[in-house]
Amino acid sequence: MADCWNTDTGDAVYRSRDAVKNLRIKVRIERVTSSAALSQHLQHQVLSQQGRRDIELETLTSQVQTADNEEEAVVGWQEKLFSQYEMELFQNEAVCQTPLDRQYHSEINALKKSKGRHNCRIFTYTDHDRYTNCLPLNQLQTDLLSTKKSSPTFLAERMASVRHRRQERRTMDSSIPKSRIINWEPTEEFVKSSHIVNNAMQTMHIMGDLGPPGRLGQKENECLLVTIKTDGSGTVIIKPDFNKGREPYRIVSEGEKREVWRLTLENVSAAMKPEDKEREESMYKDLYARHKEYLSSLVGQDFEMPAVGTLRYLMDGEIVSAKGFEYDNLHVHFVLDLPNNWSSSMPQFLSGVTQTCRTKSLGKENVAFFSYPFNFEIFYKSEKESEELIPQWPVLYFKVLSLDLWGRYRIEGYGYLLFPAIPGKHTMTCHTWRPLQMGTVSALRRFFIGGSAEIEDHSYVRIPGTFKGDRLSRLGFCSLTSGSVTFNLNCIQQARAFVDAAIQKKRRQKVIDQLGGFSQQGDVCNVLEAFQRAYKKLQEARETFPQKAINSTSQLELEFSA
């Protein structure tokens, strides 16, 4: 007969936009007597033997249904239904210590003057009751029995003796306990007995008195039927779930007889009418519109914009990691180089140093994870038309150093990072190199006493700032490839030209507009620079060897002029 019961007694989580006060649950409990069990067994046996559905089994299923064997009640959210024990307890005004107890005393007196309470076995503990969060753990877990044996988890065992919120901790005379507020050396027993769990959810329990007829109102016969929890965001947790046409739950009472009860749960909340739903939606739309207007009044309508002809560039970056270097304990020095027409309005540090980080083995590489953030706010402003076809972008120069326990440092590598012309998120890996001195003496000096050859001008890593010629020669300069550094960059560009171009739909022609256009053609920068250098070389070759170079440069010259 185990297949005739619903054994899924887990939590069911619902989301509702409606107020939880409109929740209505129909709870039905029914005692399974021996005659009812026998009739059900005979029904299955007869149907299996004869295979006919037209057999009248009224004589087998007829049984006397009384109020002692079944009860049905519709319970609303936080609706208080008194038990027989509470009716006998709170009718005495002498035991009422709190305002809630006195309120229950008046309500019970009002019930007695009227027709009395309608419930007999089904009652509730609301969130304000002292019993709501003080039910024993074994009662919460083993009331609804299933065919499978389950053991409590480690967390459930540890939380068994934890005292929950809103438990009545005051003494009978409402005096303040003479205990220390702070205990600097709490014992394990003190933690178990005094710990308070701060839970923002409201709880309600629907209980059942499964005692024999004539012996209702005894605490040992109380059984937990349903637990309902909700928070302010519309989440409703019900344990167990509604039956929804499935078999009823089985409840086994404690005691000598071990009686079996059926539990059926049904959601009988009234559905909202279409006109009420439309009225509520319009009310919410009006509320959201008013709230939006209120926020707009606080912020204002004017968006902060840079001056005319100025590009505002915001960089939020992160030095993620460095790998492939020779020594351990790495840190990075970096400095921002601003080309012509670039500036920083407010005082800010254009350089920085990361923390020293030890490397860890990741595959075949030794990687140092920095996760060092940095940010810059810079402006580009061209007072007159620039002769350069492509304006220069800021460059972040950096060097990686290693430091040992004796305070000796070594240059591990130099590198540079060109700010991306396209706004958005970028992940870039920059490779480094370091100067190399030939000979054994320099290698021994680097290993034993630290120190190594350094570059006086950091811009030499890319193009020196003092360079003004056409060709940059590094003949005779010895270097050694070292590791790489990874950056995460988040770039934002802001200019009035973007807004004007979007409104007027005109083509950008000024330098500031070209900078704005780099958001679409930023990858063409390096190609155009290489194209210029190739064009100059071909022009020189044509002057030296005019007959050989004229055919190869004619098509290139036409494309470049176009």
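The values are calculated or read from the model by the stated rules, or taken from the named source; none is laboratory data. Model, not experiment: these values are computed from the prediction. Cβ: placed from backbone, ideal geometry, glycine included. Neighbour counts: every protein chain shown. Each accessible area value is taken on the protein alone, full model and side chains, heavy atoms only, with ligands, DNA and RNA left out. Shrake-Rupley method; radii C 1.70, N 1.55, O 1.52, S 1.80 Å.
Here is a yes/no grid of residues against (1) open to solvent by less than 60 Å² (accessible area, probe 1.4 Å); (2) modelled with pLDDT of 85 or more; (3) not in a loop (DSSP other than H, G, I, E, B):
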residue: 89; (1), (2), (3): yes, yes, yes
residue: 100; (1), (2), (3): yes, yes, yes
residue: 104; (1), (2), (3): yes, yes, yes
residue: 107; (1), (2), (3): no, yes, yes
residue: 131; (1), (2), (3): yes, no, no
residue: 135; (1), (2), (3): yes, no, no
Can you tell me which residue in segment 396-447 is farthest from residue 339 (Cα to Cα), limited to those that are surrounded by 14 or more Cβ atoms within 10 Å (Cβ to Cβ) and basic (Lys, Arg)?
-> 445
So which residues in segment 448-466 are assigned to a helix (DSSP H, G or I) and surrounded by fewer than 12 Cβ atoms within 10 Å (Cβ to Cβ)?
-> 448
What about residue 302, is it surrounded by 13 or more Cβ atoms within 10 Å (Cβ to Cβ) and of a type in the set (D, E, K, R)?
-> no
Qualifying residue in segment 209-219 (condition: at pLDDT below 90, closer than 16 Å to residue 125 by Cα and open to solvent by 70 Å² or more (accessible area, probe 1.4 Å)) = yes
Which numbered condition residue 287 fails, given (1) surrounded by 12 or more Cβ atoms within 10 Å (Cβ to Cβ); (2) modelled with pLDDT of 90 or more = (1)
Hey, residue 197 touching a His at 6+ places or on another chain (Cβ under 8 Å) and modelled with pLDDT under 85 or not = yes
Among strands (runs of 3 or more DSSP E) entirely within segment 274-370, at least 2 residues that are touching a strand residue (DSSP E or B) at 6+ places or on another chain (Cβ under 6 Å) and closer than 26 Å to residue 488 by Cα occur in 310-323, 330-337, 351-353
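Residue-by-condition table, conditions (1) under 20 Å from residue 418 (Cα atoms); (2) at pLDDT below 60; (3) of a type in the set (S, T, N, Q); (4) more than 42 Å from the chain's Cα centre (by Cα):
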| position | (1), (2), (3), (4) |
| --- | --- |
| 465 | yes, no, no, yes |
| 483 | yes, no, no, no |
| 492 | yes, no, no, no |
| 504 | no, yes, yes, no |
| 510 | no, yes, no, yes |
| 525 | yes, yes, no, no |
| 530 | yes, no, no, yes |
Segment 313-336, subset modelled with pLDDT of 90 or more and open to solvent by 70 Å² or more (accessible area, probe 1.4 Å), residue farthest from the chain's Cα centre (by Cα) = 323
Selection from segment 413-440 of residues among the small types (Gly, Ala, Ser), part of a strand (DSSP E or B) and over 13 Å from residue 481 (Cα atoms) yields 424
